[in-house]
Amino acid sequence: MSVPCALRSYSGKVAQRPYDPSPAFDARGKIPAAPYDPSPLPGTAPAYEAHLVLHPARYQRPDTTWPSHLESVSPLVSELSSRARAGGSLAGFGISVSEGDDDLPEAHPPWDAHRDKAMRDPPNQAAEDELFWLYAYGSSGTFVQWHTPLSLRTLPSGEAMRSQLVTLFENAQNTNEAHIYVCTHGMRDCRCGVVGSELIDALRAQWEQHAQRCASQGQKPLKRVRIMPISHVGGHKWAANALVYPHGDWYGNLRTTDAPYVQTTHISLLLRAALAPASSRHDIHDMRERLVVWPRWRGRLGMNALQQQAHRDAWGPSVVFPAHLAPRAREELQATETHDTVALRFRSHEGQWFEVEGRLGETLMSVAKRHNLPAIEATCGGELECATCHAYLCDANADQLAQGQQDTPPAGADAILGDDAWISDEEDDMLEYALRRKASSRLTCQVRVTPGMAAWMKRGGRIELPPH
């Protein structure tokens with residue numbers, strides 16, 4: 001008999017992680033071989049103009065200490081992320097963090113992995129002096145490193161920094177180094193933490209074997225390949241995600257079994273792609289494109305979604321997606337054509353209960369608006385452009401009339417919410433603007449009424465409304 005993941009005990013690295021790993025495993029307690037999301041990958045990489053990755057220069061910052069939003073612990077990350085937003089001086093740039101080399105001293109105190117995303121240190125704290133190396137990757141296979149470590153206090157002004165980066169890219173020299181970044185940001189999504197960590201360990205072992213094999217033959221690898229963790233890059237549902245730089249290629253749905261050794265080179269496909277030329281300049285045999293792992297390719301730095309899809313069609317092999325399920329928008333599913341209803345219970349922040357009926361397929365936002373419930377403003381009309389339909393979907397406490405368990409998502413969310421159990425990246429990003437976001441927070445425009453809600457409500461489940 002299978003044991004629910006939430007009841008299993010974990011050992012080794014998984015047990016030491018500061019998050020619940022159970023959603024990353026299937027019913028047998030294994031990482032599923034199939035993708036978490038079966039939709040096609042090409043076109044899902046963000047359309048960055050360049051990608052900036054911060055590497056700690058003073059202390060180790062292991063991924064087990066990363067909170068869900070690194071802006072809460074690093075003033076430098078917070079400032080660069082602000083500049084990278086639309087209208088900022090670094091708009092179009094991606095900002096990420098790696099963990100630093102093993103020979104750095106441990107930080108005392110380490111970052112708090114459970115720090116709330118809204119927290120910021122007051123001005124003039126020691127964190128403003130913490131130094132990071134800045135690795136910058138451009139869209140034409142270029143890699144440059146800022147000449148000195150940066151801190152918030154030494155960071156150039158916005159326009160000056162962008163201008164200096166452009167100059168560095170223009171004068172960049174070819175590098176004999178490749179970087180593979182694997183997202184292991186488990187506090188952002190446990191799937192990245194569990195599957196990404198397994199992948200990075202396997203890649204490092206494969207690379208060490210390759211280097212030893214080359215040494216035994218009196219040779220050196222074609223390049224130096226560094227394999228490093230990276231913070232949230234987007235696309236948790238395609239975990240494990242890996243970025244091969246300076247090539248600029250993004251990959252998803254990776255497993256340790258997805259990269260078998262190529263018999264002629266005795267090296268995995270992803271490592272082989274890293275050893276290929278980083279750009280098409282002087283690449284008369286098109287090895288850069290021919291060695292891309294096309295079945296796992298999400299896109300490339302400097303391309304928008306349509307360009308990524310067209311590039312995949314031009315260079316990749318013909319692929320049939322037999323398991324393709326078109327991403328379904330969270331619109332109401334013909335709710336007006338059915339008379340099937342589910343009794344729902346809403347609770348206001350003040351403790352007032354509202355017992356209403358929702359039609360199957362109708363969004364919880366529409367239910368709340370139709371019954372004039374408080375706190376659900378839905379300013380954007382359910383277009384996922386605001387967070388004013390935020391609410392908590394939570395289980396009851398011992399006192400079923402009191403506030404529910406807002407700090408944990410409902411148990412058995414898959415059975416309760418069906419296809420809407422997973423939070424999309426778009427909803428997750430918009431929830432950042434919700435006041436008092438907690439583990440049970442959802443945008444009600446993204447959750448539809450399901451048959452599973454009926455039994456959940458009878459067990460004490462409820463939709464709790466925030467203060468208004």
**Message:** Checking the structure you have, find out if any residue of the range 419-426 is within 18 Å of W353 (Cα to Cα) and among the hydroxyl-bearing types (S, T, Y).
**Reply:** no
Taking the range 14-26 and keeping only residues that are more than 15 Å from the chain's Cα centre (by Cα), among the aliphatic types (A, V, I, L, M) and either closer than 11 Å to G186 by Cα or at pLDDT 85 or above (or both), one is left with V14
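Here are R188, R120, R115, R153: which of them is part of a loop (DSSP other than H, G, I, E, B) and touching a Pro at 6+ places or on another chain (Cβ under 7 Å)? Let's see the steps before the verdict.
On the way: R188 fails: touching a Pro at 6+ places or on another chain (Cβ under 7 Å); R120 fails: touching a Pro at 6+ places or on another chain (Cβ under 7 Å); R153 fails: touching a Pro at 6+ places or on another chain (Cβ under 7 Å).
Selected residue: R115, the only one of R188, R120, R115, R153 that is part of a loop (DSSP other than H, G, I, E, B) and touching a Pro at 6+ places or on another chain (Cβ under 7 Å).
Just checking: which of the helices (runs of 4 or more DSSP H) contained wholly in the range 380-468 hold 2 or more residues that are among the acidic types (D, E) and either crowded, with 21+ Cβ neighbours inside 10 Å or without any contact (Cβ under 8 Å) to a residue 60 or more places away in the chain (or both)?
Values: elements: 413-417, 425-431, 452-458.
Fully inside the range 380-468 and qualifying: 425-431.
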Among (1) outside any loop (DSSP other than H, G, I, E, B); (2) in the same structural domain as E79 (by TED's automatic domain parsing), G196 falls short only on (2)
Y137 passes all but one of the listed conditions (1) part of a helix (DSSP H, G or I); (2) aromatic (F, W, Y); (3) touching a Phe, Trp or Tyr at 6+ places or on another chain (Cβ under 9 Å); the exception is number (1)
Considering the range 145-187, residues that are of a type in the set (A, V, I, L, M, F, W, C) and closer than 30 Å to R255 by Cα, and then whichever is surrounded by the most Cβ atoms within 10 Å (Cβ to Cβ), we arrive at C183
Selection over the range 321-366 where residues are under 17 Å from D419 (Cα atoms), modelled with pLDDT under 90 and not hydrophobic (A, V, I, L, M, F, W, C) yields a count of 7
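The values are calculated or read from the model by the stated rules, or taken from the named source; none is laboratory data. Nothing here was measured: the structure is a model prediction, and the numbers come from that model. With ideal geometry, Cβ positions are generated from the backbone for all residues, glycine too; neighbour counts draw on all protein chains shown.
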